[in-house]
1. Which GluC sites (Glu not before Pro) in the range 397-483 pass both tests, a DSSP loop state and at most 14 other beta-carbon atoms within 10 Å?
2. How long is the gain from T696 to A288 if the chain were fully straight, where each residue apart is worth 0.36 nm and the alpha carbon distance is subtracted?
3. State to the nearest 20 debye the size of the charge dipole of the chain about its Cα centre, where the only charges are +1 on K and R beta carbons and -1 on D and E beta carbons.
4. Past the 15 angstrom mark, what percentage of all C-alpha to C-alpha distances in the range 393-482 do you count?
5. Rounded to the nearest 0.05, what FRET efficiency do K493 and M74 give with R0 = 56 Å and r taken as the Cβ-Cβ distance? Could you check?
6. Where the centre of each part is set by its Cα atoms, how far does the range 312-350 sit from the range 52-71, in angstrom?
7. Let me know the Rg and Dmax you get for the chain when you use only its Cα atoms, in Å.
8. Can you give me the convex hull volume of the Cα atoms of the range 183-262, divided per residue and expressed in Å³?
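Read the figures in this text as sums done on the coordinates, not as results from a lab. Here the structure is a predicted model, which means the values were calculated and not measured. Ideal geometry is used to build each Cβ from the backbone, glycine not excepted, and the neighbour counts take in all protein chains shown.
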Amino acid sequence: MAKKPTSKVTVASEVDTSKVSNAKTEKLEAFVADSTGQKITTNHGVKINDDQNSLKAGDRGATLLEDFIFREKMTHFDHERIPERIVHARGSGAHGVFKVYEDMSEYTRAAFLCDVAAETPVFVRFSTVAGSRGSTDLARDVRGFAVKFYTQEGNFDLVGNNMPVFFIQDALKFPDLVHAVKPEPDNEIPQAASAHDTFWDFISQMPESAHMIMWLMSDRAIPRSYRMMEGFGVHTFRFVNAEGKASFVKFHWKPLLGVHSVAWDEAQNISGKDPDFHRRDLWDAIEAGAFPEWELGVQIVAEEDEFKFDFDLLDPTKIIPEELVPVRRIGKLTLNRNPDNFFAETEQVAFHIGHVVPGIDFTNDPLLQGRLFSYTDTQLLRLGGPNFHEIPINRPVVPVHNNQRDGHMRQTINRGKTSYGPNGIANQDPQQAKASEGGFVSYNERIDARKVRARSRSFFDHFSQARLFLNSQSEAEKNHLIDAFSFELGKVKEIFVRERMLSLLAEVDKSLAAAVAFNLGLHVEKIPLNELNGSVPADADPEDYAPFQHEGELAISPALSMADTIKDSIKTRKVAILAADGVNADALNAVKAVLIDKGATCHVIAPKLGQIIAENDERVPVDESFLTAASVLYDAVYVCGGANCAATLEAEANAVHFLNEAFKHCKAIAADQSAMQVLEASYFFKKLPAQYDEETALREGVIVSDNSGELGEIFSKMIALHRFWDREVPRKIPA
Ligand code: HDD
């Protein structure tokens, strides 16, 4: 067995930042057009002499219909848009590679998971769910995490999310869920937000959504970066080995930078200051050679253990707690190349949960089963016909041979007389492949059942895992959940919807419901569950649909809290350095050197662009002015010293606001001793400790020192901790 590499984040300085290539990107090269040094032509290759003026009858005359150059250009422009994805419209993609650490052939025959020498090209698309293509990245929402593996046995798509469960148990309810969360149909308000009546009207009548709603109201819904999110395949899938033996498997993606989020107030601000925040963050990291990395984890359950748990493995509203079945890290995904063209690659990539390779198979999870229909169907409309698999980004790296023919925009020129099988004329080609030749054989699960529209009683424990999630959160995370529910329900206009939701929340946890009710100025009125359960079929006995509750084997699952994530690195963290003329450049350079050495990105922010003149006459280039920069776009702030610099920053309202806001959002703050007067101008100065040592700094998140080397080191440790949520107690902080 190959030795498992240690989990190590790639350091920017170790990689070549020119475009990395792999078997897939090499194939894409054939489709790449580069106009460098070329003459402009029509789509038919005719060189164009005048691309400024249309053909007219006289220089003031009417435009002539004859102008084929004008008509071609305008027609193409008029047809530039395709329908956006019905969900997950807003997204960002990147190329990369996947390598397995160990041979998994004991469980699966999927070659890319068995050959430790194989490097499988991937294309990944991250997304939000509810908003339109142009909506903000920082919406409170689930994030899509879709991975296309271009394996030597065909494409495998792992179409997951950054949350391990889903809202509904049956795909038949998906259109209802999406209609409820999308902007309301009469006025198309609100964009990219679940904080409105129709969403909570639906959710409050769907007890099965209780677990997912806890995740959605948690900070997981406002990630710091796509690079700092976990990913989950959600459903239980099947691994099948070469002997045909199957096991159940859940897929996980574990980010090597840890799992981190922003504050909700911050998220709302980012949406205004930089709605492309996540897109830019992913792009910039890859351009800088700080390649995002995740480990692929699997939870494997033997087929004979299917009924061992107190929840149903086929129920997509349940996790398998990591404490019950550990996540085994079996490989690494590295994103190392930005797309050349957003539309051609990120927009046209078509994922489908039904794209599997031999060794990976489905289960009867009714949500998964319904998805198997939806994805191809949606591409037919979105990409205009049945040949979307021929779009370069969607092509496998292995050859495609079958008897499918023709249709809109067909690219392949199929040679020969036959397009059917069996055929004698072409010697039966293309021929079926035996399992031993790589042919896909569906797992021969035994099914002996009546045809019914029904749901298994084993799916009806809706609240135990919702409570497990809540109980596993840190104090700060719990407070954020209360805030999120209060915000979302506060935006709901119908009081009865708020009340219904409070009653449902009380099924999860009475004190959570009471805290939210307090913020809404309401009391929790207990509504019998069968009165609010909207998922009961017309002729069914409501008792058969009544939720039940297990105590559950676990009181808490530490893996569910982001407070327990990795906090050992400041790689790719963005640090704002506030400075002005008269800055102590020696201190600035010393602190910056420590931060850069540890992989952070530093921006000097000053009252105006250009350069600042330091105390020692050094010219320091300015990256952003206070007009274009904002604290919400940074992870931490360092206030530079120097007598004149400090006086200018103290008098600069934007600088003080910058600091106040960073404090409010619980970020690490460092200052030179000689910049104390800037801190004194902040509202939080009176909350600061009397003196600064490392221990206090790592607790409070603020360090002041005249020893720049030491300041840089302690500041780095503070940034790695991500946030100092304790500042929120007492929780009223102005900004
Ligand atoms: Fe879905 C897109 C993930 C349930 C129907 N879905 C889509 C994308 C992701 C997911 C990441 C965007 C892919 C991309 O970047 O192009 N969807 C999920 C997860 C689900 C889930 C993790 C639950 C476990 N989805 C789900 C159901 C249905 C759909 C139950 C319908 C029965 N999803 C679609 C779709 C989309 C889609 C309508 C829209 C665009 C697309 O497929 O290509 O077919």
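1. Passing sites in the range 397-483 are E445.
2. Working it through step by step, the gained length comes to 143.5 nm.
3. So the magnitude is around 1420 debye.
4. The share of Cα pairs beyond 15 Å in the range 393-482 comes to 80 percent.
5. Efficiency, rounded to the nearest 0.05: 0.80.
6. If you average the Cα positions of each part, the centres end up 52 Å apart.
7. Reported Rg and Dmax, both Å: 28.3, 91.
8. Roughly 155 Å³ of hull volume per residue.
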